[in-house]
Amino acid sequence: MKVEVPPQAVPFEGTAVSQLLPTGRRSSQPTATPVFDPTGFGSQYKLTMVDSEFAFEPPSDEEYDYEDLNSDEEKDDENSDVEEKGKNHTKKTQSPWDFSSYTESVAEEHARRSTTSIDDKISKFIQQRNPSDSIPEEEEEEMDEDDPTDSEPDRQEDFKPEEEDEIPTTASGGGDNKQFFAKADGVSFHANSFMDLHLSRPLLRACEALGYNKPTPIQAACIPLALTGRDICGSAITGSGKTAAFALPTLERLLFRPKHRPAIRVLILTPTRELAVQIHSMIGKLAQFIPDIRCCLVLGGLSTKAQEAALRSLPDIVVATPGRMIDHLRNSMSVDLDDLAVLILDEADRLLELGFDAEIRELVRVCPKRRQTMLFSATMTEQVDELIKLLLNKPLRLSADPTTKRPATLTEEVVRIRRMREGNQEAVLLALCSKTFTSKVIIFSGTKQAAHRLKILFGLAGFKAAELHGNLTQAQRLDALELFRRQEVDFLIATNVAARGLDIIGVKTVINYECPRDLTSYVHRVGRTARAGREGYAVTFVTDNDRSLLKAIVKRAGSKLKSRIVAEQSINKWCEMIEKMEDQVASILREEREEMALRKAEMEADKAENLITHRDEIFSRPKRTWFVTEKEKKLVANAGKEKEKGSKKKVMSAEEAEERKQKAKKKREYEKNLPRKKRRKLEASREMLEDEAENGGNARNNKEKPGISLVDLAYRRAKAAKGAKKAADNGKVVRTNKKPNNNKSSSSSHLNKSRPEEMKELFQSEMSEKKQKRSAHGGGKKSSSFKSKSRYKRR
């Protein structure tokens, strides 16, 4: 086997010698040809292996389990002599993720803010609880023995679709995107080891330390092309190692950077903070044997001053969220992207879903045009295609796996929640988590409030759970991930924040407590389990309103979809326990609101004190400018929600197209049978609506009130004439107009009179008319239409 560096990566040859450390086991020593190495790390080599045999581990993209590592350490100690004889053994690998080292501990944060954690509140209420409210373990065991239905709380069956759940047939249409992309002829999605990908010695050592033995298909295809500087659009199934696919070639290219001129050369944009922390940690592990490459983390929730100082030091790689990066570019001194060489967008579809389209365009405008751009996403949408055409230059589209491909080791299950049982959904979840899925479970909730309530219920029920959503501080969010990664808690209750990119060790089960909006979100949620060949379960709660998604899941999973039925006895038991815990849940929520109000009051007081004490210093600072204000953020968020609702409506309309056609047909037939007068009136009203729709924008901008239509004006005049005729027939006095001959004289006299005289004459005429009306009606009492004289006074 002969391994060579491509010509683009070899500037010139010389006489330095470096020996490659392979990741596998070998039976003979390699022979190396001397090649000059300007970096000193042995990245340029020509190596020939003679009678070498390698034994590779199964492909893995995750860190190993802690239990497996401990057992491996014991085996290594016991079998040290056996290792010398050449027998196979599992090496200890490092953990690629570490969330605890980025922020202060949660305990320090609570001490600084004078607050208590939710776990402390829950434990306090558990201690105050009456013994009768809780069920001891002995009684639970007796109940399980006596009640056979509760000992086996649920069962698994083959899913049988109902009449409403028939699988729809969709027509697939092709686009013209193939003409935009360059031809990817000769691209190989297979590699036996990372040595075949022309990586340097420090990166190969890092891959060996992390336990990465064989590249995944997306890594085997992407790394050689990225080393040549081509623009890449990568799409692969979740859990396929896209992070290493762009991190390894980027680090390889940075080995040849001009070190005498420091600059920000790589920018990686991510949609969520947790994903940014994970990528930063991953790059740090891959570059552990390259000490002169520095990586900086820029995201919200962390210290702005520390990030400014790190950016001023000009790190080689910046991992950021779009909003905070634009904030630093606009408001921090000596921060720019003039020397940027590589721009990477991870989870691009999620970036656009969260409303970062304008921010990405602004960052692209600031970046130099001559750069390498790599875009990665598990799903490709129309918005992503538009972004690709804007950012990338003759890119190569690499699709390693179908985006909706179902992992072979994944078991998908559905729990049907009938309309009458929707109120017992929490009891169904607790019944599942107490008996069937007891550890390494991620529960996806629809809202932040629902996730927090589930966290309280799980804590009061005695389960170890952590929560992850947007209402938490950054320290609390990272602490929750770290607790779940270290398996100190069994359940992670999260919103869609945890649905993208997070590669958490050994997740056995994903429960969709709230059904996702579409199949794309479902695929990303389910992708947190059954990664890298491991087994996993995906359980989805489906109500009667979620039939459209159920049809899509049935179409995707096929005959392998299972239906799980939870025992009624277990649901009723948990319903009773939840009812008993309602008062405690309300008390915990009330205590949190009080703490929040006190915290806000303290912040306002501190702000006022700082303004008084440091007034001159504060007002001497330059005013911060914002790319998007808070109002604009809310508008964008609302627009995104409306768009999601609109997309959901489109799916529903496609399913009910036939029914809507029938309704439109009946409506047309009904209008044909109407009388001619009503039919013309309908046509006129439709034309008026169309005209208003066309001219509505101009009328709103000019703030002009719409005039009275001719039909309404004629109707009013006819009604007035009819009323006057009726009054004359009944003997009522009707006011007549003056003769036309006296119009000129009256108008001239009217012009010559002063304002007070006009008001006096008008008042007298009205009084005389009122007297005539009273005499005509015989002095009967009626509601007077006369108003005060004040309306005739000059204002």
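The values are calculated or read from the model by the stated rules, or taken from the named source; none is laboratory data. Remember, it's a predicted structure, so these values are computed and weren't measured experimentally. We place every Cβ from the backbone using ideal geometry, glycine too, and count neighbours over all the protein chains shown.
For this structure, a couple of remarks:
- Restricting attention to the stretch 367-384, the residues that are touching a helix residue (DSSP H, G or I) at 6+ places or on another chain (Cβ under 6 Å) and in a helix (DSSP H, G or I) total 2.
- The set of residues in the stretch 298-315 being charged (D, E, K, R) and either free of Cβ contacts under 8 Å to residues at least 24 places away in the same chain or outside the structural domain of residue 280 (by TED's automatic domain parsing) (or both) consists of 305, 312.
- Taken over the stretch 460-484, residues that are surrounded by fewer than 22 Cβ atoms within 10 Å (Cβ to Cβ) and either touching a residue at least 60 places away in the same chain (Cβ under 8 Å) or assigned to a loop (DSSP other than H, G, I, E, B) (or both) amount to 12.
- Search result, residues across the stretch 444-495 that are basic (Lys, Arg) and touching a His at 6+ places or on another chain (Cβ under 6 Å): 448
- Verdict on residue 521 being hydroxyl-bearing (Ser, Thr, Tyr) and touching a Lys or Arg at 6+ places or on another chain (Cβ under 9 Å): no
- If the condition is being within 20 Å of residue 210 (Cβ to Cβ), touching a helix residue (DSSP H, G or I) at 6+ places or on another chain (Cβ under 8 Å) and not in a helix (DSSP H, G or I), then the stretch 279-319 contributes 287, 288, 289, 290, 293, 295, 297, 317, 319.
- None of 276, 263, 209 is crowded, with 21+ Cβ neighbours inside 10 Å and either touching a Leu at 6+ places or on another chain (Cβ under 9 Å) or at pLDDT below 95 (or both) except 276.
- Residue check for residue 657: at pLDDT below 70 and surrounded by 12 or more Cβ atoms within 10 Å (Cβ to Cβ): no
- Boolean, residue 317 is hydrophobic (A, V, I, L, M, F, W, C), buried (at least 20 other Cβ atoms within 10 Å of the Cβ) and within 27 Å of the chain's Cα centre (by Cα): yes
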